[in-house]
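See structure below.
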Amino acid sequence: MAIKTFELLKGNASHEEIMEVLESVAEDLGDVIDDMNSLQVIPLSGAMTNEVFEINWPTKSDGNRRRVLVRLYGEGVDVFFNRVDEIQTFECISKHGLGPRLLGLFTTGRVEEFIHARTLSAADLRDPEISALIASKMREFHKLHMPGAKKVQIWQRMRKWLSHTKSLCSPKDIKNFVLDNLDAEINMLEELLYEGHQEIGFCHNDLQYGNIMIDEEKRSIILIDYEYASYNPIAYDLANHFCEMVANYHSDKPHDLGYTKYPGLEERQRFIYNYLSSEGKKPSNTEVEQLVNVAEKYTLANHLFWGLWGLISSYVSTIDFDFKEYARQRFQQYWLKKPILLD
C-alpha cells in the first residue's frame, strides 16, 4: 500500500529531517526526489523493537523505482545497547560484505540499503537445507574481526540489565521473578561455564528467524539487525539460535514460547556438525559432542538474558507484545532446566 505522506514515520525526528536525509541518499545514488508525493512508504512487519519501512521513488535514469529501508528506533531500548557502538558494528559488517550498507542517519533512525531477499519464517529454521546455510553463515560471522577487545560481554551486560530491572520493577515483580537471587545465579553460571577452553567469536546474540534473510536465487543467507552483537562464547550464540526455534512471533500469541518445539539432540548435532564443517574440515564426533554439550548449558544464560530483556521491555516499550509473560516463560525455563543441565 502506498502512503503519500510521512504520517507513519513517527518519532522525535521531524518529517523535514527525514526528507532531507532521503534527498541526500537519493543524490548519492544518482537520483533526484523532485516531489515528496513521488515517494511510497510501505510499513514492513517482523521487527520486534524497531519500526521499519520500505521507501521507494522513481529513478532518474530508467524510471524504475529505487528502494531503501528506513528504520525508526524503538522507544526505551537505549538501556540494552549503545547506539553509537551498534552503528559502528553495522558499518563494519557492511564493509565485510555481510550485511546491508548504511546510507544515512537521522535523529531517531537511519536509512539502509534495501536487501532483495526474503525474511525467514519460524518454519524455515527447521528446514535442513536452510538450517545448514544458517550454520555456515554463523561460522563466517563468528570469525569476523571487529573493533574492540575480544572479551566476553554477556555477564557484564546481564548484571547491568539486572540492576536496571530492579530499579524499574515493582516490589511485587521483584519478588515474583526472584530478582534478588539472580546476581548469585549469574555469578555461578559465569564461573561454571568459564571452566575449560571456550572459543570466543563475534556473536550476533539475537539470531531469531526475523533477523535472518535468504536470497532465494543465490541460496545465500544474510544476517541483519546487530543491536545486541558483541564478542561472546560461540556456544552462547548457538544456544541462542536453538532457543529461538521455539518462537513464532507472527502467531496469535507471539509472546507464547512452545518449548515442545525445542530442537532435539539429533537436530542440534546436525546443526553443529554443519557449523564446524563449513570451513572445509570434517569435525570429529568428539568435537561435535563437546560443542553440543556446552551450547546446551549456555541456554541457561540465554534464558536469564532474555528474561531480563522482557521485564525491562514491559516497563519501557510501547509495542503490543506481552513482554512480562515472555519474561515469565524464560525464567521458568531457567529454573526448570538448571538442575538437569548442571547436575
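Rolling a 1.4 angstrom probe over the protein heavy atoms, how many square angstrom per residue are accessible across the range 48-164?
Heavy-atom accessible area per residue stands at 47 Å².
What percent do you get for the relative contact order of the chain when only Cα pairs under 8 Å and 6+ apart count?
Over the chain, the number comes to 16 percent.
How many Å² of accessible area per residue for the range 185-291, probe 1.4 Å?
45 Å²
Expected output is a single nm value to one decimal: the length gained when fully extending between Tyr259 and Ser170, i.e. 0.36 nm times separation in residues minus the C-alpha distance. What is it?
29.2 nm
Check the range 242-343 and count each lysine pair with an alpha-carbon distance under 16 angstrom, considering only pairs eight or more places apart or from different chains.
5
May I ask you to compute the full-extension gain from Asp78 to Ser94, defined as 0.36 nm times their residue separation minus their alpha-carbon distance, rounded to one decimal in nm?
Additional length available on full extension: 3.5 nm.
If Lys and Arg each add +1 and Asp and Glu each add -1, what is the summed charge of the other residues whose beta carbon sits under 9 Å from the beta carbon of Val32?
Neighbour charge sum, excluding Val32 itself: -3.
For the range 170-186 and the range 292-343, what is the centre-to-centre distance using only Cα atoms, to the nearest Å?
After rounding, the separation between the Cα centres reads 13 Å.
Would you mind telling me which residue in Gly258, Gly99, Gly280 has the biggest mean-square fluctuation in a Gaussian network model of the chain, where springs connect alpha carbons within a distance under 10 angstrom?
Greatest mean-square fluctuation among the candidates belongs to Gly280.
How high is the relative contact order of the range 192-343? Use alpha-carbon pairs under 8 Å, at least six apart in sequence, and give a whole percent.
20 percent
Whole Å is fine, so just give me how far the alpha carbon centre of the range 75-136 lies from that of the range 139-153.
16 Å
With a cut-off of 8 Å between alpha carbons and a minimum separation of six or more residues, what is the relative contact order of the range 64-130 in percent?
35 percent
Largest first, how would Trp161, Trp335 line up by accessible area (1.4 Å probe)?
Solvent-accessible surface, decreasing: Trp335, Trp161.
What is the percent carbon and sulfur in the accessible area of the chain, measuring with a 1.4 Å probe over the protein chains and ignoring ligands?
Using a 1.4 Å probe with all protein chains present, the chain comes out at 49 percent carbon and sulfur.
Note down the nm distance, to one decimal, between modelled labels 7 Å out along Cα→Cβ at Ser38 and at Asp215.
My value for the distance between the label points is 2.9 nm.
Most fluctuating residue of His96, His204, His255 in a GNM of the chain with Cα springs under 10 Å: which is it?
Top of the fluctuation ranking is His96.
Connecting C-alpha atoms closer than 10 Å in a GNM of the chain, tell me which of Asn176, Asn56, Asn248 has the biggest fluctuation.
Asn176
List the trypsin sites (Lys or Arg not before Pro) within the range 270-343 that DSSP assigns to loop and that have no more than 15 neighbouring Cβ atoms inside 10 Å.
Lys281
When the Cα centres of the range 261-275 and the range 196-220 are compared, how far apart do they sit, in Å?
Using only Cα atoms to place each centre, the spacing works out to 15 Å.
The values are calculated or read from the model by the stated rules, or taken from the named source; none is laboratory data. Just so you know, these numbers come straight off a predicted model, no measurement behind them. Backbone-built Cβ (ideal geometry, glycine too); neighbour counts: all protein chains shown. Protein only, heavy atoms only, side chains kept; ligands, DNA and RNA dropped before computing areas. Shrake-Rupley method; radii C 1.70, N 1.55, O 1.52, S 1.80 Å.
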